[in-house]
Structures are given as structure tokens and as C-alpha cells.
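> The following block contains the structure, expressed as C-alpha cells.
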Number of protein chains: 2
Amino acid sequence: MSAPIDFYFDFSSPYGYFAALRIEALAAKYGRTVAWHPVLLGAIFKTTGCAPLPMVPLKGDYSYRDFERTARLHGIPYKRPATFPISTQLAARAMTWIARDFGDAKAVAFAKAAFASYFADGLDITRPEGLAPACEAAGLKHEAVLDGANSQDIKDMLKAGVDAAVARGVFGSPFMIADGEPFWGFDRFDQLEAFLKNGKI
Amino acid sequence: MSAPIDFYFDFSSPYGYFAALRIEALAAKYGRTVAWHPVLLGAIFKTTGCAPLPMVPLKGDYSYRDFERTARLHGIPYKRPATFPISTQLAARAMTWIARDFGDAKAVAFAKAAFASYFADGLDITRPEGLAPACEAAGLKHEAVLDGANSQDIKDMLKAGVDAAVARGVFGSPFMIADGEPFWGFDRFDQLEAFLKNGKI
């Protein structure tokens, strides 16, 4: 059995959302599983010096258009969030907590639902109430999230995860590493697929 | 006859090079022509605040890998230049001069050859000698380039072209605009094609 594909994403990343809806099918096609790693682009951008897309002149305006076109071309429900980007500490910590205490399957169910809540259903996932459908998808009550997600242990665990991602060269979302080969962006799924298929690229 | 596709590129952009080798076939498939516009990313980055890829921590290292993979996947000859990125004023001015005084066909022949000189043949296209094969492709002697390209008229014409590009929202290379719809990146050729095919996206 081959090693899982490492999948890094920020809950505020539209391309991370698109990737989250497609990565498992792609991996399964080549007998692979996926290891999901929530990261915080805010922390990563301190290393790279990059700014969030909407804050870059010209590129920002274009990026909104590209989010919508990409969603349409791939048949993915997408509605421009009222606030973007957002701080995703709560969602990332909640996922970290769910993975530790309830297992990966529930954490992944939470992640996919949290992405959809933000990018398709217009919910504010910076607040526990906005994470209610995502918690429900994991079989949990959202009232429990604040306590579970905000413990010092979980904060430390997420921080260590982000540091480990940066140490591996992760600088954006989505970011995939398969057998040591890095791929950045939903638009590199074609290269990731070529690599999974041929074992090289 | 539909309007040409506007194609903006910097001679120091690997993705611009890949696009330059593919844009005409894509346009022709949908009965379109291409209007080639050399730009200077250095000037554009003053507007966007972006840094050249190799200078961005983490992203820089990754980008070299992506240039090579993309070239291999598309069967395009590519050899990492000894110096990258480079100032492309001379090449862009030379192309502007050739387009004005000798016509678009020769300017495009020059552009494709200049890209190949830099990204496949290891030539230093910041110097007139390095542009010799590109000038030859346009039927010109490279000794003539310095005079032609560095006249004040041509400098002003290129500057006006870069300003006009920024005014249209161009922030990277390659950048294509078809019927008012902008596309950034060689990896958006699929979206550009969907747009040309369906008239919307």
C-alpha cells in the first residue's frame, strides 16, 4: 500500500475548497488515501511575505472572477462569501480536535461541510454557530466545539502542524505532497494525476 | 471576423514562453488571431507590490520545479537559464521596434525565437548578441537592434504599452484578454479555450 497523499489547505481558500471536493476521488483512482492537514495561511504568509489574494491590486479583482469560473467549470456550488478572506483558526482547531478525539473520518466530514458552509451556504465559520452544520456532519454538537477546539493542547497541536507544513515547503492552499513531490494549487491536479499514474513527472 | 486575442507576456516569464508556443494554435482553432504585447513585469509589479517568483521564500524553490514539469508535460524544450529573472527591456523594445517598422509577423517571429534563445538555448537576451538568432528569425541583423530599440520613440511606445496593459488589469505573464474576458497564466488555457468555444464561461 502506497503512502497517503498529504493534503494541506486553509478553510478560507476557495481553491482549497474545490480541491477538498475532488482529492479523494483522484487519490482513490490510483489506490491512494489522503491525509488532511488544515493550515493557517496567515501564519504561512509571515514566512513567504505574500499577501492574501484580494489585497493585491489588480490580481485581487481578477481572483474573484477566477474563483467563480473555476467553480462553474467543475460544477461545484460556489457563492462569493460576504467576508473574505477570514480567520480560520476556529475551524482549523475544531478539525484538529475532532481528528484527535473522534478520528480522521469525522474530521474529514467536518472539513468538507465547513468548506461548503462558507463557500456555498454563506455561513460565518469564524463563529461556533456557523460551524453547526459541519459539527453535525461529524456527529457533534457545535456547543462542544469552543471547549474542544480552544484548549491549549489543540492550539499547540495546530501550531506544530503549521510549522511542520512550512518546514516541508508548503506555502499556499491547496498544497499536495505525494511521495515527496509537491503540487501547489487546484490547477495542478492534472500534474498530480500524471505523477500518480506514471510514478514520475 | 472576431477580434484578436490580446496576449501579454514578459520575455523573462517561463509560462509566457510556454504560452507563446501554444497561443496561435489555440486561437486558430476558433478562427481567432493573436495580438502580441510585450510588457515589463518589473514595472507592473510596482503597481501590484508582487515580487518575482524566485525571490519569494518557499514559492521560489517550488516554481523552478513547476517550470520544468510544465515544460515536460507539454513537450516544450526548456533549460533553466543561468540568470533568472532578467531585465527584458532590450527584448521588449526590440520587438516594439520590429512591429512598428517591419510588421507584426516579423515581430512575432522575433518574440518566439527570443523566448527560445533564453529558455531553451541558454543565451543572454539582455545583450544584443544574445538576440542575434531572434533578429535573424525576423530577417534582421542584431547590430541594428541597439539603435532601433533604444530610440526615445520606441522607449515611449513600450512604456505606453505597459501602462495600457496595467490599465486593462494585466498583472502577470502570460495574460490573455478575449472579448474583454481576462485569463492569467498558461494554466488557464483550458478556461480560455472553454470561453472561445462557448462564448462564455
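We did not get these values from a lab; they are worked out from the coordinates using the rules stated. From a predicted model like this one, the values you see are computed outputs, not experimental measurements. Because the Cβ atoms are built from the backbone with ideal geometry, glycine has one as well, and the counts that use them run over all protein chains shown.
> Which of the residues that make up segment A:180-191 are closer than 18 Å to B:F186 by Cα, within 17 Å of the chain's Cα centre (by Cα) and either buried (at least 22 other Cβ atoms within 10 Å of the Cβ) or without any contact (Cβ under 8 Å) to a residue 24 or more places away in the chain (or both)?
Initially, segment A:180-191 is screened for residues closer than 18 Å to B:F186 by Cα, giving A:183-191.
From what's left, within 17 Å of the chain's Cα centre (by Cα): A:183-189.
Across segment A:180-191, the qualifying residues are A:F183, A:W184, A:F186, A:R188.
> Which one of these is among the hydrophobic types (A, V, I, L, M, F, W, C), assigned to a loop (DSSP other than H, G, I, E, B) and either surrounded by 14 or more Cβ atoms within 10 Å (Cβ to Cβ) or without any contact (Cβ under 8 Å) to a residue 12 or more places away in the chain (or both): B:L131, B:L90, B:L123?
The conditions single out B:L123.
> Quick check on this structure: which one of B:T126, B:T47, B:T70 is within 12 Å of chain A (Cβ to nearest Cβ) and over 30 Å from A:R168 (Cβ atoms)? Show your work before the answer.
Values: B:T126 fails: within 12 Å of chain A (Cβ to nearest Cβ); B:T70 fails: over 30 Å from A:R168 (Cβ atoms).
Exactly one residue qualifies, and that residue is B:T47.
> Restricting to segment B:20-51, give me the number of residues that are part of a helix (DSSP H, G or I), basic (K, R) and either farther than 27 Å from A:G60 by Cα or in contact (Cβ under 8 Å) with a residue 40 or more places away in the chain (or both).
As a first pass, look at segment B:20-51 and keep what is part of a helix (DSSP H, G or I): B:20-29, B:41-48.
From what's left, basic (K, R): B:22, B:29, B:46.
The next check asks that each one be either farther than 27 Å from A:G60 by Cα or in contact (Cβ under 8 Å) with a residue 40 or more places away in the chain (or both); those that pass are B:22, B:29.
Qualifying residue count, segment B:20-51: 2.
> In segment B:177-201, what residues are facing chain A (nearest Cβ under 10 Å), in contact with a helix residue (DSSP H, G or I) (Cβ under 7 Å, 6 or more places away or on another chain) and either part of a strand (DSSP E or B) or over 14 Å from B:F7 (Cβ atoms) (or both)?
Correct list: B:E181, B:P182, B:F183, B:W184, B:D187, B:Q191, B:A194, B:I201.
> If you don't mind, there's one more thing I want to ask. Here is a list of conditions, (1) over 21 Å from A:E136 (Cα atoms); (2) in a helix (DSSP H, G or I); (3) of a type outside the set (A, V, I, L, M), and A:P81 meets all of them except one; can you say which number that is?
(2)
> Now for a separate question. Please count how many residues of segment A:134-179 are touching a residue at least 12 places away in the same chain (Cβ under 8 Å), surrounded by fewer than 19 Cβ atoms within 10 Å (Cβ to Cβ) and touching a Cys at 6+ places or on another chain (Cβ under 9 Å).
Total satisfying the criteria: 2.
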